[in-house]
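Following: one structure in structure tokens, then a few remarks.
The values are calculated or read from the model by the stated rules, or taken from the named source; none is laboratory data. Just so it is clear, the structure is predicted and the values come from calculations on it, not from any experiment. Virtual Cβ from ideal backbone geometry, glycine too; neighbours counted across all protein chains shown. Side chains included, ligands, DNA and RNA excluded: accessible areas come from the protein's heavy atoms. Shrake-Rupley method; radii C 1.70, N 1.55, O 1.52, S 1.80 Å.
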Amino acid sequence: MHQFLPIAYFQNQFIPFENANISIATHGLHYGTAAFGGMRGIPDPENSSQVLLFRLDRHCQRLSQSAKFLNYELPARKIEQIIIDFVRKNKPSTSFYIRPLVYTSGLGIAPRLHKIEKDFFVYGLEMGDYLSSDGISCRISSWYRQEDRSFPLRGKISAAYITSALAKTEAVESGFDEAILINSQGKVCEATGMNIFCVRNGKLITPGLDQDVLEGITRDSVLNIAESLGIETIERPVDKSELFIADEVFLCGTAAKIIPVKQIETFKLSEERPIMEKLRNKLFAITENKDLEYKDWVYSVTI
Ligand code: PMP
């Protein structure tokens, strides 16, 4: 069971988490007409009266963009302020995860986005490491990623997660830890809640944003950090067979951070992962506000 933070933001106010409940007739629950975000925060290891939020602005911007697909204007600045207030009210003392969600909150029947109320809520939970950092096994999912012509993949839309859920359960029930989804062009796309990278001959390769991937904020961070470390980065279509013979493969996302892959289907990958380790060490230092070069990626809230 998760340890939820005590205060939630719900229907324009801060209230106890247990009291933030919705009706069974809520429109968004029936049609998946919702979009969410997910961001991590930690108590500042150097100063107990500060909490550090990683890339707050980017997370709020992505949620604001997702809300547009729901026919809902939710400015990124407004989300930012609510999240800062949310952190001040909760005063978290361990590492945590913030889950903001926008949804069609009216009680109407029939899928639509016009003439239906929307709402925005935020809650949080304590979150340590999510998946094993020694490496996980992946299968190639029998479920394919949606394509942008039938689904707004530039948003983090709740309805899309049926595919992630099917793929994850299929992977776990067949003895793997995680699934890798293929896109409609038959190329590697991403995992169920993480983007994917591989390393070949010292170069860092990831599917481009035209490959139906989510515009992951950790993905963007990894590409940026790699460039600052002098590692060549390439965004291009990736074949499944390239993963099987890659020098390194890893997944990345807010909740999981950077997770190495040790096996894909029957192919075992090397346990030496020099590039992933460099990237992971730098990313961790940045999130703890120990890297001067990236100070502007960390928002410090005084609690
Ligand atoms: N892909 C999917 C499908 C996801 O749900 C996530 C998690 N938000 C990611 C990739 C990684 O995105 P981020 O680094 O922004 O958490």
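Every residue, every condition in (1) surrounded by fewer than 15 Cβ atoms within 10 Å (Cβ to Cβ); (2) on the phi > 0 side of the Ramachandran plot; (3) of a type in the set (Asp, Glu), yes or no:
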position: Cys189; (1), (2), (3): no, no, no
position: Asn195; (1), (2), (3): no, no, no
position: Val199; (1), (2), (3): no, no, no
position: Lys203; (1), (2), (3): yes, no, no
position: Gly216; (1), (2), (3): no, no, no
position: Leu223; (1), (2), (3): no, no, no
position: Ser228; (1), (2), (3): yes, no, no
position: Glu235; (1), (2), (3): no, no, yes
position: Val238; (1), (2), (3): no, no, no
Determine which single condition Ser142 fails, assuming it passes every other condition in (1) away from the ligand (no atom under 16 Å from the Cβ); (2) part of a loop (DSSP other than H, G, I, E, B); (3) over 18 Å from the mean Cα position of the chain (by Cα); (4) without any contact (Cβ under 8 Å) to a residue 60 or more places away in the chain. (2)
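So which residues in the range 31-60 are in a loop (DSSP other than H, G, I, E, B), away from the ligand (no atom under 13 Å from the Cβ) and under 24 Å from the mean Cα position of the chain (by Cα), if there are any at all?
Gly32, Thr33, Asp44, Pro45
Based on this model, can you work out whether Ile140 counts as buried (at least 23 other Cβ atoms within 10 Å of the Cβ), in contact with a strand residue (DSSP E or B) (Cβ under 7 Å, 6 or more places away or on another chain) and within 25 Å of Thr233 (Cβ to Cβ)? Walk me through how you get there before you give the answer.
Working: buried (at least 23 other Cβ atoms within 10 Å of the Cβ): no; in contact with a strand residue (DSSP E or B) (Cβ under 7 Å, 6 or more places away or on another chain): yes; within 25 Å of Thr233 (Cβ to Cβ): yes.
So Ile140 does not fit the description; no.
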Go through the range 110-126 and count every residue that is of a type in the set (A, V, I, L, M, F, W, C) and either part of a strand (DSSP E or B) or modelled with pLDDT under 95 (or both). 4
Residue list for the range 19-71, restricted to those being free of Cβ contacts under 8 Å to residues at least 24 places away in the same chain and of a type in the set (Val, Ile, Thr): Ile24
Where a residue in the range 173-188 is of a type in the set (Gly, Ala, Ser) and its partner, wherever it lies, is open to solvent by 40 Å² or more (accessible area, probe 1.4 Å), with Cβ under 7 Å and at least six apart: Ser174/Arg139; Ala179/Arg139; Ala179/Lys168; Ala179/Glu170; Ser184/Tyr144; Ser184/Glu147
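Would you check if there is a residue in the range 227-240 being hydrophobic (A, V, I, L, M, F, W, C), under 16 Å from the mean Cα position of the chain (by Cα) and closer than 26 Å to Leu53 by Cα? Outline the logic, then answer.
Kept after step one, since they are hydrophobic (A, V, I, L, M, F, W, C), are these residues of the range 227-240: 229, 231, 234, 238.
When the remaining residues are screened for being under 16 Å from the mean Cα position of the chain (by Cα), the result is none.
No.
Taking the criterion of being in contact with a helix residue (DSSP H, G or I) (Cβ under 7 Å, 6 or more places away or on another chain), under 30 Å from Lys91 (Cβ atoms), of a type outside the set (Val, Ile, Thr) and within 16 Å of the ligand (Cβ to nearest atom), would at least one residue in the range 210-223 satisfy it? Break it down stepwise before answering.
Looking only at the range 210-223, we keep the residues that are in contact with a helix residue (DSSP H, G or I) (Cβ under 7 Å, 6 or more places away or on another chain), and these are 215, 217, 221-222.
Filter again for under 30 Å from Lys91 (Cβ atoms), leaving 217, 221.
Retained after the next criterion (residues that are of a type outside the set (Val, Ile, Thr)): 221.
Among the residues that remain, those that are also within 16 Å of the ligand (Cβ to nearest atom) are: 221.
Within the range 210-223 (the criterion being in contact with a helix residue (DSSP H, G or I) (Cβ under 7 Å, 6 or more places away or on another chain), under 30 Å from Lys91 (Cβ atoms), of a type outside the set (Val, Ile, Thr) and within 16 Å of the ligand (Cβ to nearest atom)), the answer is yes, since at least one residue qualifies.
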Some residue of the range 82-97 being open to solvent by less than 60 Å² (accessible area, probe 1.4 Å), part of a strand (DSSP E or B), assigned by TED's automatic domain parsing to the domain that holds Phe54 and in contact (Cβ under 8 Å) with a residue 24 or more places away in the chain: yes
Considering each of Leu269, Leu251 in turn, give the residue that is away from the ligand (no atom under 15 Å from the Cβ) and crowded, with 22+ Cβ neighbours inside 10 Å. Leu269
Tally up the residues in the range 9-30 that are open to solvent by 100 Å² or more (accessible area, probe 1.4 Å), assigned to a helix (DSSP H, G or I) and of a type in the set (A, V, I, L, M, F, W, C), please. 1
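Among the candidates Leu204, Leu153, single out the residue that is outside any loop (DSSP other than H, G, I, E, B) and either under 23 Å from Asp239 (Cβ atoms) or in contact (Cβ under 8 Å) with a residue 60 or more places away in the chain (or both). Reasoning before the result, please.
Numbers: Leu153 fails: outside any loop (DSSP other than H, G, I, E, B).
Step by step, each of Leu204, Leu153 is checked, and only Leu204 is outside any loop (DSSP other than H, G, I, E, B) and either under 23 Å from Asp239 (Cβ atoms) or in contact (Cβ under 8 Å) with a residue 60 or more places away in the chain (or both).
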